[in-house]
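Input: a single structure, listed below in structure tokens.
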Amino acid sequence: MNSSISMQSKFDKICAKIEQKLKGKDSGIVEINFPTGELSNLKLCENIHNTFNTEIIGDNLFIKCNGGEKERVHVKLFVSFENQNQYWWTSNNTVCTVRGNQYRPDVGVWFRSPTRPQRRMPITYACPPPNVWIEVFYNNDNDRSYAFNKINFLQQNTTGIEFVAISLSSELSPFRPKPETEMMVHATIQSTRPTKAPYVCHWNLNHNEIWYKIDWNQFITLRCNLIISFDTILKEL
């Protein structure tokens, strides 16, 4: 009984600290630092993940303030991938673990579904990372650095994951309307990262970055043969 009360008290204090940090924040990444070991209890971490949209890396907790636009892009990509291959397990915002860190891919595709305990309690039962990992970020230094630093770490500490990063414009003006008559074509590779969003980065087997501008009636095909139609993204912008 005392143990459960102590755990609830610790959880309440952490929630209060998170809520204080989130005041006035409606976009971007919020970082909250904790004393060494304070986030080491797996059950406590499960409760935090069930309450907030978090990633826990070491003793640091990160909140993704996504907003409705990014969430819609996540959902549309999830639906698209699931429709393309119903034998794989696709999810948006499912927590997984890598080297003790707890990540939340915006969209993930697992060629083999995690077990039911891993899906329900991904920290306690160590849900593995997906085979296809999608990150969606706004084209500002904070969001972009967080996404690319994360992918860089994951590439050094995992094998066999196909990574895609999708950049959305941080400006409020909508993307131009879709042309009425154009055929779908594969997007053209860019020599460097586009300066203006939206754009996509897709890493090849050697972890080299491949850049594409996002425009109507274009798509890319991943190594696993899933297709990302840029129209799916642009309809939400």
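Values computed for the structure shown
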item: Glu135, sole failed condition from (1) among the acidic types (Asp, Glu); (2) out of contact with any Pro (no Cβ under 9 Å at 6 or more places or on another chain); (3) modelled with pLDDT of 95 or more; result: (2)
item: Residues of segment 148-165 that turn out to be within 14 Å of the chain's Cα centre (by Cα) and part of a loop (DSSP other than H, G, I, E, B), as a count; result: 1
item: Of the criteria (1) touching a strand residue (DSSP E or B) at 6+ places or on another chain (Cβ under 6 Å); (2) in contact (Cβ under 8 Å) with a residue 60 or more places away in the chain; (3) at negative phi, which one Glu69 fails; result: (1)
item: Pairs where the first residue, in segment 214-234, is under 14 Å from Trp133 (Cα atoms) and the second is acidic (Asp, Glu), C-beta under 7 Å, 6+ apart; result: Leu222/Glu162; Arg223/Glu162; Cys224/Glu162
item: Within segment 43-68, tally of residues that are surrounded by 15 or more Cβ atoms within 10 Å (Cβ to Cβ) and either of a type in the set (Lys, Arg) or part of a helix (DSSP H, G or I) (or both); result: 7
item: Of residues in segment 100-110 being in a loop (DSSP other than H, G, I, E, B) and in contact with a strand residue (DSSP E or B) (Cβ under 8 Å, 6 or more places away or on another chain), the one surrounded by the fewest Cβ atoms within 10 Å (Cβ to Cβ); result: Arg104
item: Gly37, sole failed condition from (1) within 23 Å of Lys150 (Cα to Cα); (2) of a type outside the set (D, E, K, R); (3) modelled with pLDDT under 90; (4) surrounded by 13 or more Cβ atoms within 10 Å (Cβ to Cβ); result: (4)
item: Selection count, segment 161-199, where residues are out of contact with any strand residue (DSSP E or B) (no Cβ under 7 Å at 6 or more places or on another chain) and closer than 17 Å to Asn66 by Cα; result: 3
item: Positions within segment 113-133 being closer than 22 Å to Glu162 by Cβ, free of Cβ contacts under 8 Å to residues at least 60 places away in the same chain and outside any loop (DSSP other than H, G, I, E, B), in sequence order; result: Gln118, Arg119, Trp133
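The values are calculated or read from the model by the stated rules, or taken from the named source; none is laboratory data. Source: prediction; values computed, not measured. Here the Cβ is made from the backbone with ideal geometry for all residues, glycine too, and neighbour counts use every protein chain on show.
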